[in-house]
1. Scan the stretch 185-197 for residues that are over 16 Å from residue 124 (Cα atoms), open to solvent by 30 Å² or more (accessible area, probe 1.4 Å) and in contact (Cβ under 8 Å) with a residue 24 or more places away in the chain and jot them down.
2. Quick check on the stretch 430-473: of everything there that is in a loop (DSSP other than H, G, I, E, B) and of a type in the set (Gly, Ala, Ser), which residue is least open to solvent (accessible area, probe 1.4 Å)?
3. Return the only residue of 552, 586, 531 being in a loop (DSSP other than H, G, I, E, B), in contact (Cβ under 8 Å) with a residue 60 or more places away in the chain and closer than 27 Å to residue 471 by Cα.
4. Looking at the stretch 112-167, what strands (runs of 3 or more DSSP E) fall wholly within it and have at least 3 residues that are among the hydrophobic types (A, V, I, L, M, F, W, C) and buried (at least 21 other Cβ atoms within 10 Å of the Cβ)?
5. So is residue 84 surrounded by 10 or more Cβ atoms within 10 Å (Cβ to Cβ) and either charged (D, E, K, R) or within 30 Å of residue 129 (Cβ to Cβ) (or both) or not?
6. Looking only at residues that are basic (Lys, Arg) and in a helix (DSSP H, G or I) in the stretch 479-504, which one is surrounded by the most Cβ atoms within 10 Å (Cβ to Cβ)?
7. Could we say that residue 287 is touching a Leu at 6+ places or on another chain (Cβ under 9 Å) and open to solvent by 40 Å² or more (accessible area, probe 1.4 Å) here?
8. Do we have residue 214 as touching a helix residue (DSSP H, G or I) at 6+ places or on another chain (Cβ under 8 Å) and either surrounded by fewer than 19 Cβ atoms within 10 Å (Cβ to Cβ) or touching a residue at least 12 places away in the same chain (Cβ under 8 Å) (or both) here?
Amino acid sequence: MPPPKRKAAGPTRPADGARDKQTQLDAFTAGSANVLTTNQGLQIPDNHNSLKGGVRGPTLLEDFILREKITHFDHERIPERVVHARGSGAHGYFKPYKSMVQYTSAAFLQDPAIETPVFVRFSTVAGSRGSADTVRDARGFAVKFYTAEGNYDLVGNNIPVFFIQDAIKFPDLIHAVKPEPHHEMPQAASAHDTFWDFVSLMPESTHMLMWTMSDRALPRSFRMMEGFGVHAFRFINARGDSHFVKFHWKPKLGVHGLMWDEAQKIAGKDPDFHRRDLWEAIESGHFPEWELGVQIVDDGQESELGFDILDATKLIPEEQVPVQIIGKLVLNRNPDNFFAETEQVAFHPGHLVPGIDFSNDPLLQGRLFSYTDTQLSRLGGANFHEIPINRGVCPMHNFQRDGMHRQTISKGRVAYEPNTLGNGAEYRVDGAAQGFQSYPEQLEPPKIRRRSPSFDDHFSQATLFWNSQSAAEKDHIVSAFRFELSKVDVPEIRQRIVDNLAHVDLKLASRIAAPLGIAAPDPKAAAGRLGFRDYRITNKVDEDAALRMTGGPGGGVKTRKVAILVADGVEAAPLRRIQHDLTEAGALCKLVAPHLGTVSTASGRQLAVDHTFANMPSVMFDAVLIPGGALSAATLSGLGEAVHFVLEAYKHCKTICAVNDGAQLLGTLGFGHGKDPELVAVPTAGVLIADGRKVLDGQVSQDFMAAIALHRHWDRLNIDAIPA
């Protein structure tokens, strides 16, 4: 008798939880062992000598162990990403605060008791894998949700808009911003002719230029960086109702940036600054957190926004449509292997789950093709979804077979649908109500290759962004444009940029043009060029506080890095009290001294030194503490590296606290040091001069931490005069 036919196994729902993905990855994880073998499991007796024809003879071709090892080494590198090549990743989980059933049927957005495992990758856009972290650039913010209904990828940036409106221009944009092909320079930088030539001829890029020339392009860390989905997507609920949605990631530590001078110095001192920061924060248990927010617009009401919601160069002002916070993202585990996880992870905006769908944004539509195509090239073939980091935690079944790197062993004779040979009954998937359903949007004829007239305004939101910035942030934008354009060799390109910017704000354009050796901005010249659209919307709001970085939630001092400058003879009591209070609040305190080892306190006790002035400059810290002690202060004041450390921290607008004799180190800044300095006698923003007798009651610590939480003190005096 033939064996009884087994009943076909239907799809089963896996247990939800943040451990799902880790449990799956464990099956593919290998540790070290005492026995060395080939890839086929053959034990290797000698890993130091190839097989030779005599001890001094030639190496033999039959040495299959050598050939296997060398061949694998030769193929260890895969093509790097064309863009977003340099990245850092981490595991974590997402948890909704409330059910979103009113708007979407997506299961992972329903139950606050369920944690969905995620893998998140942050990245720069323009540079290669070997470039520096702190370059001026947009940052990728990509989240892979391993949901019970399949993988959902929210692939966004730290800037809510983009350079172009249609994906057909993406290759041109990237060719322009990448190193110039004749000499492969500059690396990971936009300050060169080809980039500015391109954007000067593309007025639609103006809004994005305002963002990339702002401090948003110089994040303090990935942990203090917003994320945006950029495009308009759709939420679809169980009734089939559609709402447009824009996604936001709000960091719990606040949104903070670097100064340009600081970012350049960090790139030389520690090009892995952001990567190291993320890794160390997770390793130390300071798990980064973001809250997921959504802006929801009723389908049919999008025309009331005043601009086209399908235009990726536009954002929805939060003053106009508030962000609803609906859940949180926590990163709590570093990868076990950078290549296997961070490098091989494959994101795709087309990885959707039921309840979320696309819009007709033409930039998004092009990405739906591009991401699959690039994974085929980069990861070796159509089976990139079988790489462990890319596997879903839900059951997967289809009739796709074979191909390079296939890992699934598919049993049976059936590799097609419909069929009856699989389990004895007809298997047909043909118009079922279950599973992902595309939104049945009505499309308007005719088929046409043309830009919608509703995309024609290129400057109104750039003006909104400019008007929303603080005075300091406006200064930084002007300085950034001046720096970038001063690197452009062709004066006509510089002129075209400032002529375009005159349509954003004439004073802005004039300030930028002043030192560049070109004519005053001419709005009429820009309006006469090809590509210019003589159309301008009226913004519904004049300013939006969410568009500026200053004045928002500071995030406290948790994970902030504080340098404590010490030498022999330092006063121990004030140091210990402030260090204790900072540590209790979650700050990270490091003792920086002229040498490694230990320093002696005024009472003769030994303190372990973490860093020297030579190996850990001020740009690696958020604030500086200079404890008292006459001998320590005298030593530091006579040490050029220590003086430079403080000057540089002052120039970068960081908080500085000096106790008693420690104020001597501020002498170069022009601050006097009386016998009884008072805390209230603050000479300038963010500089505290404290009486050591008042440290022990905790007030100095509180004032110091309150100043650190502000991140920077942009109204500081005379920073341009500081020789650091």
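1. 197
2. Looking at residues that are in a loop (DSSP other than H, G, I, E, B) and of a type in the set (Gly, Ala, Ser), I get 470.
3. Just one listed residue meets the conditions, 552.
4. Answer list for the stretch 112-167: 116-124, 139-147.
5. Considered against the rule, which asks whether it is surrounded by 10 or more Cβ atoms within 10 Å (Cβ to Cβ) and either charged (D, E, K, R) or within 30 Å of residue 129 (Cβ to Cβ) (or both), residue 84 comes out as yes.
6. Applying the filter and picking the extreme gives 494.
7. yes
8. The answer is yes for residue 214.
The values are calculated or read from the model by the stated rules, or taken from the named source; none is laboratory data. Keep in mind that this is a model prediction, so the values were computed, not measured. Positions of Cβ are generated from backbone atoms using ideal geometry, with glycine treated the same way; all protein chains shown enter the neighbour counts. When the accessible area is computed, the model is the full protein with side chains, heavy atoms only, and any ligands, DNA or RNA have been set aside. Shrake-Rupley method; radii C 1.70, N 1.55, O 1.52, S 1.80 Å.
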